[in-house]
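Participant: Can you read through this structure? Questions will come right after.
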Amino acid sequence: MPQAAIRQDDEDEHLPEEKVGQKTISLAGSEEALASVNSPIVADKQEEPYYHYTVDTKDPDPWLIVHRVKIIIFVILAAAAVAGSIFYKDLKLSEQTNAMVAEPQLNDLYYVDFRVIKDNLRPTEKFRMAKVTDITGNVVTINFSSYFYLQEHELNEAIRYAQLRFEKFFQEKRHNYTKAELQALVGSGAIVLARRPVGNMLDGNVVVPDSHFKSSSVFIPGKKENFAGLEYLKFAKDGNKATLALEKFQKSAELGFAQGQVSLAQMYLNGIAVEKNLQKSLEWFKKGALQAYEPAILKYAIVCQQVRSCVVKDFYQELVQTGVNIEFTKQVDVRATTKAFEKALEEAEVKT
């Protein structure tokens, strides 16, 4: 007998009889469990169900097949509606731009594509904003922004973030164009959009410098009359209001107020409530210019070029003799030199 078996028998001899019996029973139970595992499956035992999954190759939603044509037509109509709305919006903006450029007003804003009217720009330089700062008869004076923008929507962002409230946003250099030339810029694609503020506001933001709202409480003869005339002039379509504006400007000009003299000269220049008279207009512009009022000097030079008997050089000499300091840097009139713009101007002249 092996030693392990002898040692096991020896240990069993020293155990109590109860524990020996329990150990014998446990061994017997383990033998029965092993026999049950090795025994064959009982025939009457019920088998577990077997699930067989299949994939349906048919369309799970036949509604799509039935209404396929309708769905395609609906998608096409929806795409056409979106394209039509975009086209209609662009058409309305184009009509708005043409109307505003044909009849400009002060503080009108133009989105200008400078690559159409100027060569040799940097890759990031394309759009600039222009502002109508003065209108003298048929001549419109605009100032360009000091900054270039690459994309058109950045001009809207400039308005949104109130960049136009800064004094230096627009350059001091003035650019004079006739209405026909501005319309030619629209036709050539240089002016892509025109916008008109209402009450110095656009898109809920102020578009004039903060200095515009500063006022002086100092009494100046003729100032009150000129202000009243400007308010009447807002309703110039009413003949009675235009006449009242003329009377206020006349009184302001006679009191020696330079701005009132310019306002009266504008009435003669445009023929509002009075017969158009360039000579009368030049007389009142000159009186304002002799007071060193810059708008009067600039407007006189513009109108003088339309009158044969007027010589701008003599006017400047007279101002210098009277001690008026003239800043010629603000009077520079820069013209575009590209062939496309020149061709557009020629076509505009032919049409007119």
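Derivation of every value follows stated rules applied to the coordinates shown; laboratory data play no part. These figures come from a predicted structure and were not determined experimentally. Note: ideal-geometry Cβ built from the backbone for every residue, glycine included; neighbour counts use all protein chains shown.
Participant: Hey, what D do you get for region 269-331 in µm²/s if you plug the Kirkwood alpha-carbon radius into Stokes-Einstein at 25 °C and 0.890 mPa s?
Facilitator: In µm²/s, the coefficient is 204.
Participant: Based on the mean of other beta carbon atoms within 10 Å per residue, what is the order of 304-313, 158-167, 64-73, most packed first?
Facilitator: Top of the packing list down: 158-167, 304-313, 64-73.
Participant: Follow-up question, since we're still on this one. Please compare each pair in K118/K286; K89/K126; K241/K280 to a cut-off of 32 Å on the Cα-Cα distance and tell me which ones are over it.
Facilitator: K118/K286
Participant: Let me ask you something else. When all alpha-carbon pairs of region 101-209 are counted, what percent fall beyond 19 Å?
Facilitator: 40
Participant: Highest mean first, what order results for 83-92, 231-240, 101-110 on Cβ atoms within 10 Å?
Facilitator: 101-110, 231-240, 83-92
Participant: Here is a further query. Work the Kirkwood hydrodynamic radius out for region 216-321: mean of 1/r over every pair of different alpha-carbon atoms, inverted, in Å.
Facilitator: By the Kirkwood definition, the hydrodynamic radius is 13.9 Å.
Participant: OK, next. For F170, F257, what ranking results if the residue with the fewest other Cβ atoms within 10 Å of its Cβ goes first?
Facilitator: By the 10 Å Cβ count, ascending, the order reads F170, F257.
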